[in-house]
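What follows is a short report on a single structure.
Only the coordinates and a few stated rules stand behind these numbers; no lab work does. Values in this document were obtained by computation on a predicted structure and should not be read as measured data.
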Amino acid sequence: MAKTYSMDSKQQKEALTNAKAFLKAAKVLNASENNDEMILIIPCAINVAFSCELFLKVLISKSTGSFKGLHGIYDLFQALDQNKKSSIETAFNTRVDFSKPQNFSYNCFTDFLKEESDNFIEWRYSYENTKLSFTITAWIELAEILQSEADK
């Protein structure tokens, strides 16, 4: 069973600052001038996934006061209240078009979250895995939406 943690307002602000820094690092690593550097996809994936984890933990902490020490994005997302989940999913679906199979191999937001939920763990140890999935555009969109929600 995962341990439960809490954040006071100072820790929430620090976690939010860190999440923003990890997202910024991911965007720098994903910049067009780095497109030929496939080796940068690993730190990009780790940074954006970790930023999402931190944003979610801040959101959960703000609403419930505590969160479980999990890394899975899907599980953390499920810990949000229904209104927050709906708001995030609606924003995501307006920014990400799942009808274009060349861009996404998922049918919906929930499929994306479930399938790529453990990217933070999997990409940190990418040398152990031969089948990794990472949809950079969707992850950055998700991180930006989570940041917007956490900034409220």
Taking 0.36 nm per intervening residue step and subtracting the Cα-Cα distance, what contour gain separates Lys24 from Thr4 on full extension? 4.4 nm
As a quick test, which of the pairs Lys57/Lys84; Lys62/Lys84; Lys20/Lys85; Lys57/Lys85; Lys20/Lys57 have an alpha carbon distance above 18 angstrom in this structure? Lys20/Lys85
